[in-house]
Amino acid sequence: MGARPEVVRHRTRDLLSAAAAARLLTALIDAQAARGEAHVVLTGGSMGSAILASLGDSAGLDAVAWDRVSLWWGDERFLPDGHPDRNETQNRLALLERLPLDPTRVHAVAPQGSDAGRTAEDAAADYTRQLASAAAPGEPSPLFDVVLLGVGPDGHIASLFPGRPELDATRHSAVAVHDAPKPPPTRVSLTFRALQHAREVWFIVSGSDKADAVARGVRGDDVHRTPAAHVRGEMRTLWLVDEGAAARLTGH
Ligand code: 6PG
């Protein structure tokens, strides 16, 4: 079932990005205080990199033991290593390349053309193995401290798009996606099973073009129509939105 959605509104996109970054910084610090490490799932898209860029401007950046942060991706565009459209590439440029991360804890999806990325299916299978190897015994994936998710105007999250068969791939942790409506067409995505294995899920959404999707996501909707409505954290589900994205919300 997961935690009931909570909405936090910010006046502007920049305030949303800065506030989400501050929230993430605190969440990482708290996770490490409690458990010695932190597992975070990053998101692609413009908000994903905006939050990392805001984090990079934070005076508290060094309060996190970055060598004990495990980074994962909610989805990846299936492109060659270093391609500018890869979420990993964009996130590294936004901040990650400047952090003292432990490379063994940075879990990128295999790039197209690598040994593990012969096909998107191979890359998804490899990622499933990576997730399982970092999980508690018997679990398919780590219990993520925070899963960050951007949301598309159609209500997609990660690379789980409305009406697509991947929405029903509940036996897997990661799947290949072909002919995605958002370019590039070929992707690898975590499934609902993995995305929901999280203490907290945070949706970070900016812009009036997302207002309908946000309203359906917060209110609840059929999973095949609004994938974002189907992901909740075990302890907390946050919708972090600017005023444009909140335009169709009532009572929040
Ligand atoms: C991707 C993202 C995708 C993104 C949403 C929102 O690979 O494109 O994972 O799910 O988060 O489309 O993107 P924006 O934040 O840029 O609106």
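Rule-based calculations on the coordinates, nothing more; no lab input. Here the structure is a predicted model, which means the values were calculated and not measured. Positions of Cβ are backbone-derived with ideal geometry, glycine not excepted, and every protein chain shown enters the neighbour counts.
A few points about this structure:
- Cβ pairs under 7 Å, 6+ apart, first in segment 30-47 and without any contact (Cβ under 8 Å) to a residue 40 or more places away in the chain, second surrounded by fewer than 17 Cβ atoms within 10 Å (Cβ to Cβ) and assigned to a loop (DSSP other than H, G, I, E, B): 32/65
- Members of segment 126-146 found to be free of Cβ contacts under 8 Å to residues at least 40 places away in the same chain and not charged (D, E, K, R), listed by number: 130, 133, 135, 136, 137, 138
- Strands (runs of 3 or more DSSP E) contained entirely in segment 1-83, each with at least 3 residues that are farther than 18 Å from residue 97 by Cβ and away from the ligand (no atom under 12 Å from the Cβ): 5-10
- Residues (β-branched (Val, Ile, Thr) and in contact (Cβ under 8 Å) with a residue 12 or more places away in the chain) located in segment 66-101: 69
- Annotation: of all residues in segment 152-180 being within 22 Å of residue 135 (Cα to Cα), touching a residue at least 40 places away in the same chain (Cβ under 8 Å) and not small (Gly, Ala, Ser), the one that is nearest to the ligand (Cβ to nearest atom) is 175.
- Residue-level check: of (1) more than 12 Å from the ligand (Cβ to nearest atom); (2) among the β-branched types (Val, Ile, Thr); (3) over 22 Å from residue 88 (Cβ atoms), residue 191 misses just (3).
- Residues (in contact with a His (Cβ under 8 Å, 6 or more places away or on another chain) and within 20 Å of residue 148 (Cβ to Cβ)) located in segment 240-252: 240, 241, 242, 246
- Residue count for segment 87-144, restricted to those that are closer than 23 Å to residue 27 by Cα, touching a Gly at 6+ places or on another chain (Cβ under 6 Å) and part of a helix (DSSP H, G or I): 1
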